[in-house]
Structures are given as C-alpha cells and as structure tokens.
Amino acid sequence: MALNYSNKINKIRTFALSLIFIGFGVMYLGILVKNVAWLMVIFFILGLLCIVFSTVVYFWIGLLSTRAIQIICPSCEKPTKLLGRVDACMHCKQPLTMDKNLEGVEFDEKYNSKEYRKELREKDSK
Ligand SMILES: [Zn+2]
C-alpha cells in the first residue's frame, strides 16, 4: 500500500537534519558575501540559529522517543515507535493505531488532531 505518510519521529528527524544543511548553506552564503561585513554577519547569525534550532529539535525528538510506544510492526516484524493515536511504521510505512476504535478504519492524519478527539469525547458523553 503506497501511503503518503511517514513515521512522525522519522519525519522530525529529517526536518532536524535538513535544518543543519540549511544552516551551513546560509553560512556559506555569508562567506560568499564577505565583502559586505554586515550582510556576512547576518548570514552567519541566521546559519547559527538554524543549527541551534536543529539541536533543540534533536533534543525534542529524544524526549518524544521516550514517550513513544515501542511495538513490533505486524507487517514487517521490525520494532518501531508509535507517536500519537495513529502513526506509520518506521520501516514499511504500514499505518498503525493504538486505538481499537480506529482499527480497520481508513488511515487519516485527522485522528491525531485535537478537534477530532474533542468530537470523539462529545460523542462519548452523549
Ligand atoms: Zn513495518
């Protein structure tokens, strides 16, 4: 099943990694414009901010990972980490859920949203 969705932890990790590259790219631009001192300083600060932010994101992934539930994927039988109500397997992108109500339901990102949970709670209380 081709699913345009990937594991959240993987997604954030990719984001953090691209931030590092962007940071270095911006710093490289700073070297290119070294004739204009103030512009170079701005590029360097921006680049540094990207790298610092990426470190923060990496730290955040670490925190998230400890909160994620580790399970064995039923599809590829490798250990993967689930974050939130629905998530995809890190290896085969098999959609996985921790919610019995959502088993067999077509995969949808909306199940992770606060609105959906609120809707569900209101339905339960009736
Ligand atoms: Zn899998």
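Multiplying each eigenvalue of the alpha-carbon gyration tensor of the chain by 5 and taking the square root yields semi-axes of 40, 17, 12 Å, largest first, rounded to whole angstroms. Count the net charge of all other residues whose Cβ sits under 14 Å from the Cβ of Cys89, scoring Lys and Arg as +1 and Asp and Glu as -1. Taking every Cβ under 14 Å from that of Cys89, the sum is +3.
Relative contact order for the chain: 23 percent, from Cα pairs under 8 Å spaced at least 6 residues apart, divided by residue count.
Enter the Cα centre distance for the pair the stretch 76-107 and the stretch 26-60, rounded to the nearest angstrom. Measuring centre to centre over Cα atoms gives 38 Å. Taking all C-alpha pairs of the stretch 63-126, those more than 20 Å from each other amount to 31 percent.
For the chain, the list of Cys residues with no other Cys C-beta under 4.7 Å reads Cys50. Projecting the Cα atoms of Val57, Val36, Ser113 onto the dipole axis of the chain, where Lys and Arg carry +1 and Asp and Glu carry -1 at the beta carbon, places Val36 farthest toward the positive end.
Each reported figure results from applying straightforward, stated rules to the coordinates on display, with no laboratory input. Just so we're clear, the structure is a prediction, and the values are computed from it rather than from any experiment. Virtual Cβ from ideal backbone geometry, glycine too; neighbours counted across all protein chains shown.
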